[in-house]
Amino acid sequence: MRPSSRMSFRHTLSSGLVAIARLTLLSAALFGVAAQQAQAQAYPNRAVRLVVPAAAGGTIDILARMLSVRLAEGLGQPVVVENRPGGGTNIGMEAVARAAPDGYTFLLGGVTIATNPSLYAKLSFDPGKDLVPVSHLVSSGNVLVVNPELPVKSVKELIDYARAHPGELNYGSPATGSTPHLAGELFNALTGAKLVHVPYKGAALGLNDLIAGRLQLSFDNIPPAIAHIKGGKLRALAVTSGKRSAMLPELPTVIEAGLAGFEVSAWFGLLAPAGTPREVIARVHAESVKALQTAELRDRLTQLGFELVGSTPEAFGTLIRSETVRWAKIIRESGAKAD
C-alpha cells in the first residue's frame, strides 16, 4: 500500500472511531435522561412513610391520618402514618432527617421545628439544614382551658389565682417546645405567675390528666380539646390566637381578656429529608394542596378548628425562618429550657 493510501486509511479509521465514540456518548446521555424521566414518572412505586413526631390522638396525628388517605389516592400508593413520639418531637424529626432522601419518607411537623434549636443545648441534627419544606398545610389557634374544679372563670381570675398560689398550678403540653408549652412560658413571663410545665408524649395523655384533675390547665390546640369543651369536661377561658376562632366564637382572645402581648398559634406542614429531588417535592406539594381542596377534607378540618393554608415550599421555608427568630427571642427572655 502506498504511503498516501495508508495515510488516507488511518484518517478514515480515526474519523470513524471518533464518530462511534460520539454516538456512544450521545446514546449514554440519552439513555440517562430517559432513565431519569422514567424514574420520575414511576414515582412513587411503593408505600410512602409519613412520620408523626407525637403519639396517636393529638392534633398532629388527627391531621396526618386525614391527609394520608387523600395523599394515597393522589400518589397511587399507600401513605403509612408512623407515630414516633418522644424527645420533644426530636425523635421523630431526627428519624426523617436521617432517612434516605428518596421521596419515601416525609415529616408532618409543627412549630417545634422552629423552637427546639433554642430550647435544646445540643441537637444531633439541624432542623433548618437537614429538613426541607414541602408545604405549610394548616394553622390552628390554641385554647386556654382549665379543669372545671379550678375556681376561675376568666383569664383575669386565673392570673390572680396563679399569683396567689405560685408553683401550685400544673399545665400540660404534648411536647417540650410545642405551642402549648411556650404559651405557658409566655404567660409566666407576662404575668409573673409560676405555672409548672408537665410535658407529655402527645396531646391525648395530657388532656386525660387535665380532665382527671392531675393537671389544672392547658393551652391546648383547639382540635383535640374542642369535644371536651363542648361536653363540659373542660372550661374554656380564651383563645391564644390574634383573632377569635370560628369554632369557639364566644371566647375572647387572651389579649381581649386583658393580657396584652399574648399571642400564640400553632402551624403544621410537610417536610422531607434534605436532598430529596425537587421533582418529588413538587409532586407531593401538588398532591397535598389538592387534598386540602377536596370538599370532604376541607370541611372536616375546618370543623376541627384548622385554618387551611397549602403554601409553596418557598413560603413555608420563610415561615419557618421567621418563627425560628421570633421564638428564639421569647425563649431567651422567658428562660425556658428543654426538660
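The values are calculated or read from the model by the stated rules, or taken from the named source; none is laboratory data. Since the model is a prediction, treat every value here as computed from it, not as a measurement. When we count neighbours, we look across all protein chains shown, and the Cβ atoms used for this are built from the backbone with ideal geometry, even at glycine. Side chains are part of the model used for accessible areas, which takes the heavy atoms of the whole protein and leaves out ligands, DNA and RNA. Shrake-Rupley method; radii C 1.70, N 1.55, O 1.52, S 1.80 Å.
Here the Gaussian network model covers the chain, with springs between Cα atoms less than 10 Å apart; of G103, G232, G242, G232 fluctuates the most. So with the 1.4 Å probe, I'd like the accessible area per residue for the chain, rounded to whole Å². Here the residues of the chain average 46 Å² of exposed surface. Taking every Cα-Cα distance in the stretch 211-253 and sorting them into 10 Å bins from zero, the calculated P(r) comes out as 28, 59, 13, 0 percent. Taking R300, R283, R70 in turn, the Gaussian network model of the chain (Cα-Cα springs below 10 Å) assigns the largest fluctuation to R300. On a 0 to 90° scale, report how tilted helix 3-42 is relative to the longest principal axis of the chain, with both axes built from alpha carbons and the result rounded to the nearest 10. Taking the Cα atoms of the chain, the angle to 3-42 is about 20 degrees. Considering only F219, P78, G258, the residue lying farthest towards the positive end of the dipole of the chain is P78, judged by Cα position with unit charges set on Cβ. The Cα center of the stretch 202-217 and the Cα center of the stretch 51-101 differ in position by 23 Å. With the helix formula -39500 (n - 2.57) applied to DSSP H stretches of n ≥ 4, the chain reaches a computed 222 nm mean residue ellipticity of -15500 deg cm²/dmol.
Computed with every protein chain present, the accessible area of R46 is close to 110 Å² [probe 1.4 Å]. Once C-alpha pairs closer than 8 Å and six or more residues apart are averaged by separation and normalised to the residue number of the stretch 210-339, the relative contact order reads 17 percent. Residues in the stretch 83-122, backbone N under 14 Å from the label point at E279 (7 Å along the Cα-to-beta-carbon vector): list them, ranges by number please. Taking a point 7 Å out along Cα→Cβ of E279, the residues of the stretch 83-122 whose backbone N falls under 14 Å are 103. With a ≥ b ≥ c the root eigenvalues of the C-alpha gyration tensor of the stretch 214-336, is it rounded (a/c under 1.5), prolate (a/b larger than b/c) or oblate? It comes out oblate by the Cα gyration axes.
Among G310, G213, G92, the largest mean-square fluctuation in a Gaussian network model of the chain (Cα springs under 10 Å) belongs to G213.
Sorted from greatest to least, the principal axis extents spanned by the alpha carbons of the chain come out as 114, 42, 29 Å.
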